[in-house]
Amino acid sequence: MTDQSSSAEEAPDLGTSHIGTPHERSWTLPLPHKADSVPLARAIVQQVLHGLGDPVDSFAASLAATELVANALEHTPGDGEVELVLDWEPPQGFRIEVCDEEPLELDLADRLHGGPGDSADSADSADSAEPAALVGEPGEPGGPGEPSEPAEDGRGLLIIRSVADRAGIRTTSHGKAVWCLLEPA
């Protein structure tokens, strides 16, 4: 990646698809199914946010991206594709989404939403434009989607909830997408 000094109106050119207007930007990046994709995703998020004038907490966004990508790599087969999608949508915020080809599992939906009754909300129509199934407020001990006993599996979701303003999961035509949103400070 090249070092770029961009104004808030100019986003860095990452060699990715760019969609939108100066007030709405989106980047889609396929990631190799390797451990190296985790620090790569973190660096991309930092570069994009810097190019946008750091509208949200870069550390929190980098941590969320790290957890989302690591979870996708851990829970998809070695040949499955993983895609990082970044959206800057003022005034809503900066959305980080990781898509993979694995179907949505009820267990994951339950952990994000707090129980079997909530998982139906996450089964949006394929490739829905609207993110589905919002998770409760960050930092709520024992809140929706938070396991009663922290287990090794599922800590990434707790980390995402602690740094993001909202998070959720949706089905896509090719699998699922897990996302989080960080609102501008």
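The values are calculated or read from the model by the stated rules, or taken from the named source; none is laboratory data. This one's a predicted model, so the numbers in the text were calculated from it and none came from an experiment. Neighbour counts run over all protein chains shown; Cβ positions are idealised from the backbone, glycine included.
Over 12 Å from the mean Cα position of the chain (by Cα) and closer than 14 Å to Ile169 by Cα: which single residue out of Glu97, Glu105 fits that description? Walk me through it before giving the result.
On the way: Glu97 fails: over 12 Å from the mean Cα position of the chain (by Cα).
On inspection, the qualifying residue turns out to be Glu105.
Need at least 3 residues that are at pLDDT 75 or above, closer than 21 Å to Val48 by Cβ and hydrophobic (A, V, I, L, M, F, W, C) per element, so show me which strands (runs of 3 or more DSSP E) inside the stretch 80-185 make the cut, counting only ones lying wholly within it. Even if it seems obvious, please write down each step before you answer.
On the way: elements: 82-89, 93-100, 166-172, 175-182.
The strands (runs of 3 or more DSSP E) meeting that bar are 82-89, 93-100, 175-182.
Any idea which of Pro30, Pro39, Pro55 is assigned to a loop (DSSP other than H, G, I, E, B) and either under 16 Å from the mean Cα position of the chain (by Cα) or at pLDDT 95 or above (or both)?
Pro55
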